[in-house]
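*Asks:* Take a look at the following structure, please.
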Amino acid sequence: MRKSNYLTPTGQDHEHWIATSMNAKVILQALSENTTILVKAEPGGQWFVPKKLLHLQSRMLARSTQLEWEMPKAFGRPAVELFLQWLLTGDYQEYDMLVPLLSYTNYQDYNKTLVPYVESSEGQSMSYFVKAGMLAWKLGEYLEAPRFQNHAMIRLFHALSCTDNDWWINADMCKMAMHNSAGNSARNTLGELFEDILMRNWGDKTIIERDDSEKWRQMLSEGELFKRFVGATMMPLEDRQLVPLKLIDYMVKEN
């Protein structure tokens, strides 16, 4: 029987805790009645956010003089709500539930919802904690908001280190994580995390879902990634899983 630290993607074994944002719904309602920068996000989200607060946490918005900002389609309302909750409280609300699986076609076209998963619906499900963390980190990358990125990484890493969570890693999740949405030279530590999880756990069917072999083939055939993958997986699975991943390796510089 494997040790407990073999049962999670990171090799860590944490007791799970749920992050909360005090009065999350009240805060979001109050923002819609304020008068500062108007932030919009599909579908139908709009909030008046204190300008100084936005500029303090987002380098990208700090360079803008606009009083109205519409988030690109790649970032939907759920991720923006997580950011706004964190902006005002230092945390965001999480829910212990399943949500629709992150199905990735390209960076403009993927499932951004965080609504409860309905078993009778089409498609599969994934952990709210994991999906929220990924969506939040990617939005932080776009906004150049390193403190928010690190908060999202802490929550995501924690979720991936809890044996009582319902998660597994598929090709769409890895592809979305490894895409650099910011289009700059900043470190994509989310991509690094999922690449390390992939290399560490390839062959463990309880962690890596390999049913869609064509998607894996397309992703792993890329030059540098293919070289790293082949080099890593030459080592036996049991040896690769001996050393747990460390959260500190995936934090971005805040200054």
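The values are calculated or read from the model by the stated rules, or taken from the named source; none is laboratory data. Please read all numbers here as calculations on a predicted model, not as lab measurements. Positions of Cβ are generated from backbone atoms using ideal geometry, with glycine treated the same way; all protein chains shown enter the neighbour counts.
*Asks:* Is one or more of the residues making up segment 165-179 over 14 Å from the mean Cα position of the chain (by Cα), buried (at least 20 other Cβ atoms within 10 Å of the Cβ) and not in a loop (DSSP other than H, G, I, E, B)?
*Replies:* yes
*Asks:* Taking the condition of being assigned to a loop (DSSP other than H, G, I, E, B), more than 15 Å from the chain's Cα centre (by Cα) and not aliphatic (A, V, I, L, M), how many residues in segment 50-87 meet it?
*Replies:* Final tally of qualifying residues: 8.
*Asks:* Looking only at segment 211-227, how many residues end up being surrounded by 14 or more Cβ atoms within 10 Å (Cβ to Cβ) and among the charged types (D, E, K, R)?
*Replies:* Keep residues of segment 211-227 that are surrounded by 14 or more Cβ atoms within 10 Å (Cβ to Cβ), which gives 215-216, 219-220, 225.
Remaining after also requiring among the charged types (D, E, K, R): 215.
Final tally of qualifying residues: 1.
*Asks:* When the residues of segment 108-147 are filtered to those that are aromatic (F, W, Y) and crowded, with 23+ Cβ neighbours inside 10 Å, which remaining residue is modelled with the lowest pLDDT?
*Replies:* So in segment 108-147, the residues aromatic (F, W, Y) come out as 110, 117, 128-129, 137, 142.
Then keep just the ones that are crowded, with 23+ Cβ neighbours inside 10 Å; that gives 129, 137.
Working: F129: 93, W137: 96.
The residue in question is F129.
*Asks:* Tell me, please, whether a residue that is basic (K, R), modelled with pLDDT under 90 and over 23 Å from K215 (Cα atoms) can be found in segment 151-167.
*Replies:* So the first thing to find is which residues in segment 151-167 are basic (K, R), and the list is 155.
From what is left, the residues that are modelled with pLDDT under 90 are none.
The answer is no, given that none of the residues of segment 151-167 is basic (K, R), modelled with pLDDT under 90 and over 23 Å from K215 (Cα atoms).
*Asks:* Kindly indicate whether I154 is under 12 Å from the mean Cα position of the chain (by Cα) and closer than 20 Å to E94 by Cβ.
*Replies:* Values: under 12 Å from the mean Cα position of the chain (by Cα): yes; closer than 20 Å to E94 by Cβ: yes.
So I154 fits the description; yes.
*Asks:* Need the failing condition index for R240 against (1) touching a residue at least 40 places away in the same chain (Cβ under 8 Å); (2) under 13 Å from A171 (Cα atoms); (3) not small (G, A, S), just the number.
*Replies:* The single condition R240 does not satisfy is (2).
*Asks:* What is the number of the single condition among (1) in a loop (DSSP other than H, G, I, E, B); (2) surrounded by fewer than 18 Cβ atoms within 10 Å (Cβ to Cβ); (3) acidic (D, E) that D204 does not meet?
*Replies:* All conditions are met except number (2).
*Asks:* On the basis of being modelled with pLDDT of 90 or more and not in a loop (DSSP other than H, G, I, E, B), does V99 make the cut?
*Replies:* So V99 passes the test.
*Asks:* Oh, and also: State yes or no: is V230 among the β-branched types (V, I, T), surrounded by fewer than 18 Cβ atoms within 10 Å (Cβ to Cβ) and under 23 Å from A159 (Cβ atoms)?
*Replies:* No; evaluated as a whole, the condition is false for this residue.
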